[in-house]
Amino acid sequence: MSVEEKYTLGIEEEFMIIDPETRELQSHVQAIFEDGKLLLKENFKPEMHASVIETGTNICANIQEARKEVTELRQGLAMLSQQHGLKIASAGTHPFSHWRDQAITDHPRYKEILREMQDAARANLIFGLHVHVGIANREIGIQIMNAARYFLPHIFALSTNSPFWLGRDTGFKSYRVKVFDKFPRTGIPDYFSSLAEYDSFINMLIKTNCIDNAKKVWWDVRTHPFFNTLEFRICDVQMRVDETIALAALIQAVVVKLHKLIQQNLGFRIYRRALINENKWRAARYGIHGKLIDFGKQKEVPFTELVTELLEFIDDVVDELGSREEINYIFKMMEQGTGADRQLKHWYNSGQDFKKLVDFIVDETNVGLGLETDKSKVKQSV
């Protein structure tokens, strides 16, 4: 079996539905969803808040297929929204809309979550990027998950795209994770010595009525309970397709590299969850402009050095995966800044005008989609 067939990809993105006049979130998903059933079939679904909609690709054999599907799903959703006089926008949080003003989708699952989580669920008005990488052997999947935890803050720092919350500059490059921290069973997972230990843990949660199924374990990376995939859930949703695809390619390459080490009986050192959380906090606060801890050297290292080391670590699998071009976009992200960096720059340059900031996010979301609102031809970078 080829590398492409073995490490399949699936990408989920959560989008805001925007009123182009007020720039507020608009609870209009159900109408868009009904109109889009024929166009997008099962590839998108409403979320708990009626101003949020999720798209999901089919199983993709390689990163090029993933790009094609992500682009087409964004195009379809943007066009459907335009037909209803609305826009889509892609950032980890809305800059100023309040969660108290959002309608809740009428669905038994969401009613149950609200009953249990109360305001923690109502306030969970956030937008993420989830990347699935196919791993047929769940035992191997647990081993890869254990090792991949170390790299989660590095990947997360590159994805930071939510500096604003309820009309405030939060001081964080990703405030989305601070909101999601209020949920149980989130964050960096513990180490599991085997699939049996992991399954025993999940069964205990089910037996004691903590959860009714393993999908309610919302860790930053998890073995998916229904698919043979590792699902990476730590990233903020990205403004541009290019950024989404670069992160997906990076995640895929990390999984493949770690799998190769396991196959060669070359383990990757496992670090404590508490240590990895130190780096996650720094990534949320500073994005790519801070320092993370190199646990092996036991010292702080600028993120710019660590991302170079990460790209060197995965380099020998990139060409096998055919993702060199997509991985190279990481350098562009480091150069132009993450979504959070670009949001903050635009906000300050516009005189801290939040409506203009929402317009900017909408424009960035449409870059590369070939729509009328795509301004990439006149503004390739920020």
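For segment 52-64, check the following and say yes or no: at least one residue is of a type in the set (Ser, Thr, Tyr) and over 20 Å from residue 369 (Cα atoms).
Let us first name the residues in segment 52-64 that are of a type in the set (Ser, Thr, Tyr), namely 55, 57.
Those still in the list that are over 20 Å from residue 369 (Cα atoms) too: none.
Scanning segment 52-64, I find no residue that is of a type in the set (Ser, Thr, Tyr) and over 20 Å from residue 369 (Cα atoms), so the answer is no.
Mind checking whether some residue in segment 63-72 is buried (at least 20 other Cβ atoms within 10 Å of the Cβ), within 30 Å of residue 269 (Cα to Cα) and touching a residue at least 12 places away in the same chain (Cβ under 8 Å)? So far as segment 63-72 goes, yes, one or more of its residues are buried (at least 20 other Cβ atoms within 10 Å of the Cβ), within 30 Å of residue 269 (Cα to Cα) and touching a residue at least 12 places away in the same chain (Cβ under 8 Å).
Limited to segment 250-291, what total is found for residues that are within 29 Å of residue 175 (Cβ to Cβ) and of a type in the set (S, T, N, Q)?
Our first condition is that a residue be within 29 Å of residue 175 (Cβ to Cβ); within segment 250-291, this holds for 250-255, 271-291.
Next, only the ones that are of a type in the set (S, T, N, Q) stay: 252, 277, 279.
Number satisfying all stated conditions: 3.
Do we find a residue being closer than 24 Å to residue 135 by Cβ, outside any helix (DSSP H, G or I), at pLDDT 95 or above and not acidic (Asp, Glu) anywhere in segment 236-247? So far as segment 236-247 goes, yes, one or more of its residues are closer than 24 Å to residue 135 by Cβ, outside any helix (DSSP H, G or I), at pLDDT 95 or above and not acidic (Asp, Glu). If you go through segment 311-323 and keep only what is under 22 Å from the mean Cα position of the chain (by Cα), buried (at least 20 other Cβ atoms within 10 Å of the Cβ) and not hydroxyl-bearing (Ser, Thr, Tyr), you end up with 314, 318, 321. Step by step: first the residues of segment 176-200, then only those that are of a type in the set (A, V, I, L, M) and either in a helix (DSSP H, G or I) or without any contact (Cβ under 8 Å) to a residue 40 or more places away in the chain (or both), then the one that is surrounded by the most Cβ atoms within 10 Å (Cβ to Cβ). Which residue is that? Out of the qualifying residues, it is 177.
Scanning segment 262-308 for residues that are part of a loop (DSSP other than H, G, I, E, B) and among the small types (Gly, Ala, Ser), we see that the one that is surrounded by the fewest Cβ atoms within 10 Å (Cβ to Cβ) is 296.
Only residues that are under 18 Å from residue 43 (Cβ atoms) and within 23 Å of the chain's Cα centre (by Cα) were counted across segment 81-125, and they come to 4. Just to be sure, is residue 173 surrounded by fewer than 22 Cβ atoms within 10 Å (Cβ to Cβ) and charged (D, E, K, R)? No; evaluated as a whole, the condition is false for this residue. Only residues that are within 17 Å of residue 365 (Cβ to Cβ) and without any contact (Cβ under 8 Å) to a residue 60 or more places away in the chain were counted across segment 330-344, and they come to 2. Scanning segment 279-329 for residues that are closer than 26 Å to residue 62 by Cα, touching a residue at least 40 places away in the same chain (Cβ under 8 Å) and charged (D, E, K, R) returns 316, 320, 326.
Only one of these is aliphatic (A, V, I, L, M), touching a Cys at 6+ places or on another chain (Cβ under 9 Å) and crowded, with 20+ Cβ neighbours inside 10 Å: 129, 125. Name it. After ruling out the rest, the residue left standing is 129. Scanning segment 161-208 for residues that are basic (Lys, Arg) and farther than 23 Å from residue 280 by Cβ yields a single hit, 207. When segment 136-170 is limited to residues that are of a type in the set (Ser, Thr, Tyr) and assigned to a loop (DSSP other than H, G, I, E, B), the one that is surrounded by the fewest Cβ atoms within 10 Å (Cβ to Cβ) turns out to be 170. Annotation note: of 217, 241, the sole residue that is of a type in the set (Val, Ile, Thr), within 17 Å of residue 73 (Cβ to Cβ), surrounded by 18 or more Cβ atoms within 10 Å (Cβ to Cβ) and in contact (Cβ under 8 Å) with a residue 24 or more places away in the chain is 241.
The values are calculated or read from the model by the stated rules, or taken from the named source; none is laboratory data. Computed from a prediction, not measured in an experiment: that's the story for all the values here. Backbone-built Cβ (ideal geometry, glycine too); neighbour counts: all protein chains shown.
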